[in-house]
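*Asks:* First the structure, then my questions, so here it is.
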Amino acid sequence: MNVPTMAEMMAQGKQPEVLFWVGCAGSFDDRAKKITKAFVKILNKANVEFAVLGTEESCTGDPAKRAGNEFVFQMQAMTNIEIMNAYEVKKIVTACPHCFNTIKNEYPGLGGNYEVMHHTQFLKTLLDEGKMTIEGGSYKGKRITFHDPCYLGRANEVYEAPRDLIQKLEVELVEMKRCRINGLCCGAGGAQMFKEPEKGNKDINIERTEDALEVKPEIIATGCPFCNTMMTDGVKVKEQENEIEVLDIAELIANAEEL
Amino acid sequence: MQYIPNILFAILLVVGIGYFTRNVKKLIRNIKLGKPLDRSDNSNLRWKNMINIALGQSKMVRRPIAGILHIIVYVGFIIINIEVLEIVVDGLFGTHRILSFLGGFYSFLIGSFEILALLVIVSVTIFWIRRNVVKLKRFWNKEMKGWPKEDGNLILYIETVLMVLFLTMNASDVHFQEMHAGNPISRFIADILPSNPDTLHIIERVTWWLHIAGILFFLNYLYFSKHLHILLAFPNTYYANLEPKGKFKNNETVKKEVEMMMDPSADPFAAPAEPTEEEGEPEKFGASDATDLSWVSLMNAYTCTECGRCTSVCPANQTGKELSPRAIMMKTRDRMEEIGKNIDKNGSFQDDGKQLLNDYITPEELWACTSCNACVEECPVNIDPLSIIMEMRQYLVMEQSAAPQELNLMMTNVENNGAPWQYNQMDRLNWKDED
């Protein structure tokens, strides 16, 4: 798999078009790594000149900030900014809405000014510019619902790019009763991913999975590695894992193109 | 002797408006106890938001039934209050229906007020049924026990009484009824009133006085009620956050310290700079009491009308957790009221051994938040409960190291190995060669 690093690029005197910010989930989580690879395959197919930071990448600090630890957040942020500024990074794409939100919104105040895109926005641009094509392939005619990640949707008002991509797959896109601005959280945000929920009568991901099951989809599409985990778990709890797949939009496209 | 009613009226007006003004000053003082936050930018967009969201009620109609009924009551109240102008002039100068020289236009005005008054009564009745008969869930959360529940109903009763008084006042006004114009509703009430002109005159006078006294009472009731939103919705939407909802503010004090730590030219052995007099006490990180919050958060708290839309969309609340964004706002307001009364009594705030944290808002509530922004998105007047939750989390973590154990572990991992899990940063690119 062709995954150049910024360091290698620099050694060759090259400046990539875009930095692919992989994120911690995309680097370490077994499920999320598949999303990372799917996205890289698309980038390579579309001949996008990209690079990753590799071992120079570190957590954006998002979970620390949402947990209330501004110190750890700013230390992480400033370290990352120092590295990215040294590489003169201009444009960043990431498959994680949390990384996307933090780098886009909270890094500028700490000296990191970049054009930041969520991978669905980036893929939409590739499509619009004719650098890639999407066909339904094996997904043609399937019933797909999209779960809006909070940090992509409400937090940054990106609702259309993921939907536009899904529709290109010639599928039947069905909306849950709570979608877009009314989308229900998967339960992972605000550092909840890393702790047990407080006492209650239900887990949030189950509540959300029930929303999805109501529209009887064959596939639940997401655009966030954490939403993916939560929805996958929810589908398992509901014993629907043989009927319903939870897939990232990058995976849908890569699979459809048989990459 | 004939001026006694005029004098009584003037006294009523001065007392009513005077007491209200005094409480508004207190309100402004309390809000100003919050920390500074600059929201003076982008005034064009702010005006636009205020006109759309507060005046135009654009976010109310996201829930169509409540939204449309609310608009009727709102429009009714604003428009019918034009009539108050006439009442004030009549009251002060002893005139009767001073504006009736407008003729047909006057009839048109009063006639539309009457229709609106009836619509208000109908809407308010439906509101009452939704609260007390249908028992909509959001009006029965646990923070809605006691005063908040009574307050909600009391407002509906006062509004109904004011409308009935207005209509009865018109119905008992013999001269007005004889014009046979502008009385589309009151003519039916006139039919059931006694026909004796003296009795009618008494009814007319009594309802006239009760109507204006009721309005002044309601004005003064606002400060003690959730109903304050009819005024504060305007500044609240004007000063609301314009940035993307996912953008949380970066702490400037932390920024200075982290910059110093990362500066290669800084002398690690240098003695820390003596705090200058201007700096005073070292700044507290985050918020443990209401006055640690920004003035915008405090204004948010006073603006909240406890409709509970935020709580009804909160993922934590829907799954039975302690957290309710509405309760966060109500508790912040209640604590501010307590602080305000403390200042009224003692001249300046004297430590009462209480804080917003623990005494009002528990860590359990704060840790249940997923920061999903559903509450912020939902609020019809752009209140932001999330920023209060985040400020208080900062206090728990940075001042008290009181995060849940798993979060401490996560933060240690981020600090030590650059990921929330215990993986080595050097393994970050391993995925490339895995199958």
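*Asks:* Right, B:LEU167: within 22 Å of the chain's Cα centre (by Cα) and either surrounded by 17 or more Cβ atoms within 10 Å (Cβ to Cβ) or under 22 Å from B:GLY16 (Cα atoms) (or both) or not?
*Replies:* Considered against the rule, which asks whether it is within 22 Å of the chain's Cα centre (by Cα) and either surrounded by 17 or more Cβ atoms within 10 Å (Cβ to Cβ) or under 22 Å from B:GLY16 (Cα atoms) (or both), B:LEU167 comes out as no.
*Asks:* Quick one: would you say B:GLN425 is crowded, with 16+ Cβ neighbours inside 10 Å, free of Cβ contacts under 8 Å to residues at least 24 places away in the same chain and out of contact with any His (no Cβ under 8 Å at 6 or more places or on another chain)?
*Replies:* Taking the combined requirement at face value, the residue satisfies it.
*Asks:* When A:ALA95 is evaluated against the numbered criteria (1) touching an Asp or Glu at 6+ places or on another chain (Cβ under 8 Å); (2) over 22 Å from A:ALA11 (Cβ atoms); (3) within 11 Å of chain B (Cβ to nearest Cβ), which criterion, by number, is the only one it fails?
*Replies:* (3)
*Asks:* In addition: Take the residues in the range A:77-107 that are charged (D, E, K, R) and part of a helix (DSSP H, G or I), then tell me which one is farthest from A:ALA188 (Cα to Cα).
*Replies:* This residue is A:GLU82.
*Asks:* Condition first: in a helix (DSSP H, G or I), modelled with pLDDT of 95 or more and within 14 Å of chain B (Cβ to nearest Cβ). Can you find one or more residues in the range A:153-166 that meet it?
*Replies:* no
*Asks:* Right, next: Tell me which helices (runs of 4 or more DSSP H) are completely within the range B:321-417 and hold 1 or more residues being crowded, with 20+ Cβ neighbours inside 10 Å, within 12 Å of another protein chain (Cβ to nearest Cβ) and among the hydrophobic types (A, V, I, L, M, F, W, C), or say none if there are none.
*Replies:* The qualifying helices (runs of 4 or more DSSP H) are B:363-367, B:374-378, B:385-394, B:405-417.
*Asks:* Confirm whether B:THR332 is touching a Gly at 6+ places or on another chain (Cβ under 9 Å), free of Cβ contacts under 8 Å to residues at least 60 places away in the same chain and among the polar types (S, T, N, Q).
*Replies:* no
*Asks:* Then there is this: Being acidic (Asp, Glu) and in contact with a helix residue (DSSP H, G or I) (Cβ under 8 Å, 6 or more places away or on another chain) is true for just one of A:GLU170, A:GLU175, A:GLU115, A:GLU88. Which residue is that?
*Replies:* On inspection, the qualifying residue turns out to be A:GLU170.
*Asks:* Can you work out which of the residues in the range A:174-205 that are assigned to a helix (DSSP H, G or I) and surrounded by fewer than 18 Cβ atoms within 10 Å (Cβ to Cβ) is nearest to the other protein chains (Cβ to nearest Cβ)?
*Replies:* Restricting to residues being assigned to a helix (DSSP H, G or I) and surrounded by fewer than 18 Cβ atoms within 10 Å (Cβ to Cβ), the top hit is A:ILE181.
*Asks:* A further question on this structure: Within the range A:206-259, track down each residue that is of a type in the set (Gly, Ala, Ser) and either surrounded by fewer than 21 Cβ atoms within 10 Å (Cβ to Cβ) or closer than 17 Å to A:TYR139 by Cα (or both).
*Replies:* A:ALA221, A:ALA250, A:ALA254, A:ALA256
*Asks:* Still on this structure, please answer the following. Quick check on this structure: which one of A:GLY68, A:GLY109, A:GLY136, A:GLY130 is crowded, with 20+ Cβ neighbours inside 10 Å, farther than 24 Å from A:MET10 by Cβ and not acidic (Asp, Glu)?
*Replies:* It is A:GLY68.
*Asks:* Give the residues of the range A:28-76 that are within 9 Å of chain B (Cβ to nearest Cβ) and not in a helix (DSSP H, G or I), sorted by residue number.
*Replies:* A:ASP29, A:VAL52, A:LEU53, A:GLU57, A:SER58, A:CYS59, A:GLY61, A:GLY68, A:ASN69
*Asks:* With the condition kept exactly as written, say whether any residue in the range B:52-60 is polar (S, T, N, Q), under 30 Å from B:ILE11 (Cβ atoms), touching a residue at least 40 places away in the same chain (Cβ under 8 Å) and surrounded by 14 or more Cβ atoms within 10 Å (Cβ to Cβ).
*Replies:* no
The values are calculated or read from the model by the stated rules, or taken from the named source; none is laboratory data. Keep in mind it's a predicted model, so treat the numbers as computed, not measured. For neighbour counting, all protein chains shown are included, and Cβ atoms are generated from backbone atoms with ideal geometry for every residue, glycine included.
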